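Below is one structure; the comments refer to it alone.
The values are calculated or read from the model by the stated rules, or taken from the named source; none is laboratory data. The model shown is predicted, which means the values in this text are computed figures rather than measured ones. Cβ atoms come from the backbone with ideal geometry, glycine included; neighbour counts cover every protein chain shown. Accessible surface areas use protein heavy atoms only, side chains included; no ligands, DNA or RNA. Shrake-Rupley method; radii C 1.70, N 1.55, O 1.52, S 1.80 Å.
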Amino acid sequence: MKTAARLGMVLCGHCAALWKDVQAHDRCGRCGARLHPRKPDSLSRTWALVIAACIMYLPANLLPVMITASFPREEQQDTIMSGIIYFWTSGSWVLAVIVFIASFLVPLFKLAVMILLLVTAWRHSSWRLLERTRLYRIVELIGRWSMLDVFVVSLLAGLVQIQGFATVHAGPGIVAFAAVVVLTMFASMSFDPRLMWDTGAPEQEKPDE
Amino acid sequence: MQQLPDLIACKECDAVHRRLTLGHNEVARCSRCGAELERDMRDHVGRVLPLTIASLFMYVIANVFPVAGLEFHGAVNHTTLMGAVLSLGAEEMYLLAFLVFVTTILFPLFQLLGLIYLLISISGTGRRSHGLNLWVRMIQTFRPWVMVEVLLLGAIVAFVKLTSMATVFPGPALWALGGLALLFASVLSFNPRYIWHMAPPERRKKLATAADRTSAAPSAEKAVTAKPESP
Ligand SMILES: [Zn+2]
């Protein structure tokens, strides 16, 4: 397979113009973006972001994301999981499933997939390249939906502000949770899927001509 | 440094393909990994501008009016999007307030105004100025951080959550958010990157004659998807 790297070409990441004879620090002649054969320091940057996201994942799930004070009941602290359980037990099964997917499954899936992609790219593995590329696309597509709980808590905190009766405050957990979402989004952006294909074993070359 | 206008490389697997002249609404896909290489956007360009202006109207409604109201033992409380951001700020959740502000208020507005400016500038002469280059790149960079549709789902979840503890009523902004999310889905399917490919007709002819020079590169598979996206 003829690749841009083997042919000595560089693809502009922004406007998709293809250039040859590119010197270091050159900019794309069409759109002006910096030209890099691969995203710079892709693996180490992505590792750093994924590790930071893994660390934030713990407080995100253990600390309360929402603190409800409603008279005359005492203060109630909700974590991500207890919020999902609340929906389930109160009969809102559809919402329980939506929040479970967006807030629990998606972040976990993203971290697991990013670690898988990083380890296989780092070991120059040619294992299931097509499927790994698909996993990367899925991660890019679904990542943003984890912001759901951040918006839910923000809107509730803005709306339920009736002093003396009921107030909702955002808890520290939601900040950690938002950090996980933002860090994993940056991680999938800094990962260069071409690195997986670069190091793959020579594939069954189809006769071109 | 020399441009190779008749070749295209896959941004996901780096395979080099010969560029094909695309028919209406056709999509070229990488034959190695299946990623989208190019998409014909000629039909789209005329449609995006009115949709973007409609989105801007929805955006204004979504930001001026309350998202929802809450009645609790006779006391009524409304909140707008900005109100929610400000109450996070009042609780010293600055990072969170900033994140909600940029993803739901600032970047969507920036995206809409940027697209309107861009589409108006290219519709006149078809020529691109240098200031426009930076503009297109910024629109693309901020695109993943526009989260209107996620906010809509969040508003619905918050709304249902409250129905069990108080009387809640939807505000005009909730409906506007629904409209905005729908319009945005269509507006954002227009990737500003394709503006670069909308070469003037005389250059397209040149591309076609230069194609024989690059017979070494495999041509991209044309996916026969003539599916017009409904607004
Ligand atoms: Zn490809």
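Okay, here's what the table says:
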{"item": "Free-standing Cys residues across chain A, given no other cysteine C-beta under 4.7 angstrom", "result": "A:54"}
{"item": "Extent along principal axes [Cα atoms of the protein assembly as shown; Å; largest to smallest]", "result": "80, 51, 38"}
{"item": "Amide H contacts of residue A:36 (H built 1.01 Å from N, under 5 Å, at least 5 apart or other chain)", "result": "A:13"}
{"item": "Low-density loop cleavage sites - chymotrypsin sites (Phe, Trp or Tyr not before Pro) in region A:42-138, where at most 13 other Cβ are within 10 Å (DSSP)", "result": "A:127"}
{"item": "Relative contact order for chain A, counting Cα pairs under 8 Å that sit 6 or more residues apart, in percent", "result": "30"}
{"item": "Count of lysine pairs in chain A with Cα separation under 24 Å (8 or more residues apart, or interchain)", "result": "5"}
{"item": "Debye equation applied to the C-alpha atoms of chain A, log10 I(q)/I(0) at 0.10, 0.16, 0.17 Å⁻¹", "result": "-0.58, -1.05, -1.13"}
{"item": "Where the Cα pairs of region A:65-184 fall when distances are cut into 5 Å bins, in %", "result": "2, 10, 17, 18, 16, 12, 8, 7, 4, 3, 2, 1, 0"}
{"item": "Per-residue SASA entry for residue A:194, accessible area with 1.4 Å probe, Å² rounded to 10", "result": "20"}
{"item": "Solvent-accessible surface (1.4 angstrom probe) belonging to residue B:57, in square angstrom, nearest 10", "result": "140"}
{"item": "Estimated FRET transfer efficiency when R0 is 30 angstrom, pair residue A:38-residue B:110 (beta carbons, to 0.05)", "result": "0.55"}
{"item": "Whole-Hz ³J(HN,Hα) from phi, Karplus 6.51 cos²θ - 1.76 cosθ + 1.60, for region A:39-56, glycine and proline x", "result": "4, x, 6, 3, 5, 5, 4, 5, 4, 4, 5, 5, 5, 4, 5, 4, 5, 5"}
{"item": "Inter-site label distance for residue B:188 and residue A:112 at 7 Å from Cα along Cβ, in nm", "result": "2.6"}
{"item": "Area of residue B:1 that stays accessible when all protein chains are in place (1.4 Å probe, Å², to 10)", "result": "100"}
